[in-house]
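Peer 1: Below is one structure. I have some questions about it.
The values are calculated or read from the model by the stated rules, or taken from the named source; none is laboratory data. Model, not experiment: these values are computed from the prediction. We place every Cβ from the backbone using ideal geometry, glycine too, and count neighbours over all the protein chains shown. Surface areas here come from the heavy atoms of the whole protein model, side chains and all, with no ligands, DNA or RNA. Shrake-Rupley method; radii C 1.70, N 1.55, O 1.52, S 1.80 Å.
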Amino acid sequence: MRNAFADELTKLGNEDSRVVMLSGDIGNRLFDKFKDKHPSRFFNCGVAEANMMGVAAGMAMNGLRPVAYTITPFVTTRCLEQIRTDVCYHEVPVTIVAVGAGLAYSGLGPTHHACEDISFLRSIPNMVVICPGDAFEVRGALRAAMQQDRPVYIRMGKKGEPVVHKGPITDFKIGKAITIEEGSDVCLLSTGNMLPEVIEAAHRLKEKGISAEVVSFHTVKPLDEDKLKQAFSRFKLVATIEEHSLIGGFGSAVSEWLADTETKHQKFLRFGTPDAFFKKSGEQEYAREVLGLTGHQIADKIIHALS
Amino acid sequence: MNVAVRSTAAKPDAAALKAQAAKLRGKIIEMSHKAQAAHLASSLSCADAMTAAYWHVLNIDPKNPTDPLRDRFILSKGHAAAALFATLAMKGYFPIEELDTYCQDGGRLAEHPPANLLPGVEAATGSLGHGLPLGCGMALAGRIKGESFRVFALLSDGENNEGSVWEAAMFAAAQKLENVCVVVDYNKWQATARSNETLMLAPLRDKWAAFGWDAHEIDGHDVGALAEAMQNIPNGSGKPVALIAHTVKGKGVSFMEDDNNWHYRAPTADEVTKAFKELGLS
């Protein structure tokens, strides 16, 4: 996802002279192409994220389209007040891009885990929250974000994730979920970098004779309400899957929508991380296994819920 | 490159500016009394810097408040909103009668400057430590777009407690933002205690200089000197400029000066009368 972001950003920078890149002293060499072509529009803001976010807001107030980028907790929690006050209160077009969301940087420990950011950011007025499911969705999300006149948060994984889409998404729309596989029994709503695990879960369900629809629900705010209405009316079980705390994330957002919506209430399962720090050492795959977030674990739990 | 026409070539008329500052103080005191609003003393301590900026230095047109080439002034110490509102109204950004709605239900003049609501307010402030990073972004946007406007940020001394101020100070120096000027309203008080007994700011000029700024100490109530220093931005040093303005909290009214109770107190009608007499206002 990270390399797709840097590549798409360079393209956008070539097309639009308002595009400015701000980085919090990460991405060594990642932005070399952007820097080569647009040296006056790249700023390494150092390990000073509060200032970076304020600078981005000041630029956006004056007609530019800044992108502020660093590791997830530092571009969100670290400067949450600047996001709220400078960016969202002024309602200016800053695109905040986070790398290593969820447990992508599991091995680096809880300082680098990001399982609360969706919760924080979606509660701020004027903020759009997008969690792309693969590199093509990252490209679509970034391009769509830069066309907005408002703040957008894009929550990426890291590098090397499996690609799900077969090619560029030409009709990526903020707030419109993408059906990846059609099904008839259960509906799996995936957000962010969990998409490959969810596809794996669907394949395991198919082996058991359960037809699963897989949806990449890339936008957590605003929710695709039409898709939710369909899901809760057509399927006997709906599940949300995310690499984020069960408190305040995508599943919470859908729960809130359900509570406020008159709809036939089907079985609803939420997959996410618990209300606890994951303190043990281990890479993302290990963390997912421990937390019950692998494809086969998701499938098993769904089978159990249906029985 | 678009070059903004400076309106500040002339030497400041110190006497006229001093009289204007007294009028501004009178308006601020009236507003505080009518609304029974806090932060009067903080608003009075920066009244001379506001006067120098708006009545001599800034290249602005109240009839065209979003002119891309205008100088930007950010009241980073947003709790002194009364000083900003009174200034903007007196300059003609909105009707002077609207000052009567200060802190009233449904009005545009809240206790801190709002976002996207009131002409002339460049940025919503109130949470401290935001003005300078925003200003740096504005200055860089100007540089990228080839617009040579200047950015002024007025900070309180207590605001220098915030880490984001120093993040921005390092950033501005690294980027050589010579069009950026900080004025620190150094009145030696913050909300509840002496500033240097809260977090040690002294030596404040040396700190800003050590962060790569062209830093100067100045009498923050010498409105003519403030106007001269601010009109010379950029000053040829190639660095952003910090003016450490030594001020007195509650300046202009003897019974408010350097008495931190006036951080939160609002004056009675009798106190307004006394204050007006001292300011030479009828």
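Peer 1: Which of rounded, prolate, oblate describes the range A:38-113, given a ≥ b ≥ c as roots of the alpha-carbon gyration tensor eigenvalues and a/c under 1.5 marking rounded, otherwise prolate only if a/b is larger than b/c? Show your work: numbers first, answer last.
Peer 2: Values: a/c = 2.37, a/b = 1.64, b/c = 1.44.
Prolate.
Peer 1: How far apart, in nm, are the 7 Å Cα→Cβ label points at B:Thr198 and A:Asp25?
Peer 2: My value for the distance between the label points is 2.8 nm.
Peer 1: May I pose another question? Using alpha-carbon pairs under 8 Å, 6+ residues apart, how would you state the relative contact order of chain B in percent? Don't skip to the answer; put the middle values down first.
Peer 2: Working: 585 pairs, mean separation 70.4, N = 282.
That works out to 25 percent.
Peer 1: Could you work out the relative contact order of chain A, using alpha carbon pairs under 8 angstrom and six or more residues apart, expressed as a whole percent?
Peer 2: Numbers: 664 pairs, mean separation 50.1, N = 307.
Taking the mean separation of contacting Cα pairs over the length of chain A, I get 16 percent.
Peer 1: Amide H of A:Ala101 versus every other amide H placed in the peptide plane: which residues, excluding those fewer than 5 positions away on the same chain, fall under 5 Å?
Peer 2: Long-range HN contacts for A:Ala101: A:Met156, A:Gly157.
Peer 1: Using DSSP to call loops (not H, G, I, E or B), can you name the trypsin sites (Lys or Arg not before Pro) in the range B:144-231 whose Cβ has at most 16 other Cβ atoms within 10 angstrom? Show your work: numbers first, answer last.
Peer 2: Working: sites: B:Lys145, B:Arg150, B:Lys176, B:Lys188, B:Arg194, B:Arg205, B:Lys207; in loops: B:Arg150, B:Lys176, B:Lys188.
Listed in order of number, the matching sites are B:Lys176.
Peer 1: When all protein chains stay in place, what accessible area (Å², nearest 10, 1.4 Å probe) is found for A:His203?
Peer 2: 80 Å²
Peer 1: Just need the relative contact order of the range A:85-130 here, percent rounded to a whole number, with Cα pairs under 8 Å and 6+ apart.
Peer 2: Numbers: 31 pairs, mean separation 15.9, N = 46.
The value is 35 percent.
Peer 1: Okay, moving on. Mind giving me the FRET efficiency for B:Asp219 and B:Glu111? R0 is 30 Å, r the Cβ-Cβ distance, nearest 0.05 is fine. Could the numbers behind the result be given before it?
Peer 2: Working: r = 29 Å, r/R0 = 0.97.
Given R0 = 30 Å and the Cβ-Cβ separation, E is 0.55.
Peer 1: Once R0 is set to 30 Å, what does the formula 1/(1 + (r/R0)^6) return for the Cβ-Cβ distance between B:Asp61 and B:Asp258, expressed as a FRET efficiency to the nearest 0.05? Spell out each step's value before the answer.
Peer 2: Working: r = 37 Å, r/R0 = 1.25.
Step by step, r from the Cβ atoms, then E = 0.20.
Peer 1: While we're looking at this one, here's another question. Tell me the label-point distance for the pair B:Ala15, B:Glu278, using the 7 Å Cα-to-Cβ offset, in nm and rounded to one decimal.
Peer 2: 2.5 nm
Peer 1: Could you run the Debye sum over the Cα atoms of chain B, one equal point scatterer each and no solvent, and tell me log10 of I(q)/I(0) at q = 0.11 Å⁻¹, two decimals?
Peer 2: So the normalised log intensities are -0.57.
Peer 1: So what does B:Glu122 come to for accessible area, using a 1.4 Å probe and Å² rounded to 10?
Peer 2: 40 Å²
Peer 1: Okay, moving on. Which aspartates and glutamates, on any chain, are close to A:Lys35 with Cα under 16 Å apart, when same-chain ones fewer than 8 places away are left out?
Peer 2: Within the straight-line cut-off, A:Lys35 pairs with A:Asp7, A:Glu8, A:Glu15, A:Asp16, A:Asp25.
Peer 1: Name the residue, out of B:Ala245, B:Ala110, B:Ala38, whose mean-square fluctuation peaks in a Gaussian network model built on chain B with Cα pairs under 10 Å.
Peer 2: Maximum fluctuation in the GNM of chain B, among the listed residues, is at B:Ala110.
Peer 1: Using a 10 Å cut-off on Cβ to Cβ distances, tally the other chain neighbours for every residue of A:41-48 and report the average as a whole number.
Peer 2: On the way: counts 2, 0, 6, 1, 8, 4, 1, 8.
So the per-residue partner count for this stretch is 4.
Peer 1: Continuing with this model, one more query. Between A:Met146, A:Met53, A:Met61, which gets the highest mean-square fluctuation from a Gaussian network model of chain A, Cα cutoff 10 Å?
Peer 2: Sorting by GNM fluctuation, first place goes to A:Met61.
Peer 1: Collect residues whose amide H, placed 1.01 Å from N in the peptide plane, falls under 5 Å from the amide H of B:Ala153; neighbours closer than 5 in sequence don't count.
Peer 2: Distant-sequence amide H within range of B:Ala153: B:Ile74, B:Cys181, B:Val182, B:Val183.
Peer 1: Which distance in nm do the two modelled labels at A:Glu182 and A:Lys11 give, with both placed 7 Å along the Cα-to-Cβ direction?
Peer 2: For the pair A:Glu182/A:Lys11, the computed spacing is 2.8 nm.
Peer 1: Provide the buried accessible surface between chains A and B in square angstrom, both chains summed, 1.4 Å probe, rounded to the nearest 100.
Peer 2: Values: alone 13180 and 11570 Å², together 22810 Å².
Roughly 1900 Å².
Peer 1: At a 1.4 Å probe radius, carbon and sulfur cover how many percent of the accessible area of the range A:199-251?
Peer 2: On the way: 940 of 1960 Å².
The C+S portion of the solvent-accessible surface of the range A:199-251 is 48 percent.
Peer 1: So, one more: Assuming R0 = 25 Å, what is the FRET efficiency of A:His265 and A:Lys206, from their Cβ-Cβ distance, to the nearest 0.05? Could you put the intermediate results ahead of the total?
Peer 2: Values: r = 26 Å, r/R0 = 1.03.
Working from the Cβ atoms, E equals 0.45.
Peer 1: Can you give the net charge of the other residues whose Cβ lies under 12 Å from the Cβ of B:Ala269, counting K and R as +1 and D and E as -1?
Peer 2: Working: positive: B:Lys34, B:Lys274; negative: B:Glu30, B:Asp270, B:Glu271.
The answer is -1.
Peer 1: Which of the pairs B:Lys77/B:Lys249; B:Lys63/B:Lys91; B:Lys23/B:Lys63; B:Lys207/B:Lys239; A:Lys11/A:Lys158 have their Cα atoms more than 18 Å apart in this structure?
Peer 2: Table pairs above 18 Å Cα-Cα are B:Lys23/B:Lys63; A:Lys11/A:Lys158.
Peer 1: Rounded, prolate or oblate: which fits the protein assembly as shown when a ≥ b ≥ c are the square roots of the eigenvalues of the alpha-carbon gyration tensor, with rounded for a/c under 1.5 and prolate only if a/b beats b/c? Spell out each step's value before the answer.
Peer 2: Values: a/c = 2.53, a/b = 2.06, b/c = 1.23.
Because a/c hits 1.5 or more and a/b exceeds b/c, the protein assembly as shown counts as prolate.
Peer 1: When you look at the Cβ of every residue in A:72-81, what mean number of other chain Cβ atoms sits within 10 Å? It would help to have the intermediate numbers written out before the result.
Peer 2: On the way: counts 0, 0, 0, 0, 0, 0, 0, 3, 0, 4.
Other-chain Cβ atoms within 10 Å of each residue's Cβ, averaged: 1.
Peer 1: Hey, which lysines would be in cross-link range of B:Lys145, C-alpha to C-alpha under 17 Å, not counting anything within fewer than 8 residues on its own chain?
Peer 2: Hits, sequence-local ones excluded: A:Lys37, B:Lys176.
Peer 1: While we're here: Check the straight Cα-Cα distances from A:Lys267 and name the lysines below 24 Å, setting aside those fewer than 8 residues away within the same chain.
Peer 2: Within the straight-line limit of under 24 Å, A:Lys267 reaches these lysines: A:Lys176, A:Lys206, A:Lys208, A:Lys221, A:Lys227, A:Lys229, A:Lys236, A:Lys301.
Peer 1: Here is a follow-up. Give the average, rounded to an integer, of partner chain Cβ atoms located within 10 angstrom of each Cβ in B:165-171.
Peer 2: Values: counts 2, 2, 11, 8, 1, 4, 8.
Averaged over the peptide's residues, the number is 5.
Peer 1: Between the range B:72-144 and the range A:65-102, what's the alpha-carbon centroid distance in Å?
Peer 2: Centre-to-centre (Cα) distance: 23 Å.
Peer 1: Could you work out how far the C-alpha centroid of the range B:220-249 sits from that of the range A:110-142, in angstrom?
Peer 2: Taking the Cα centre of each part, the range B:220-249 and the range A:110-142 sit 43 Å apart.
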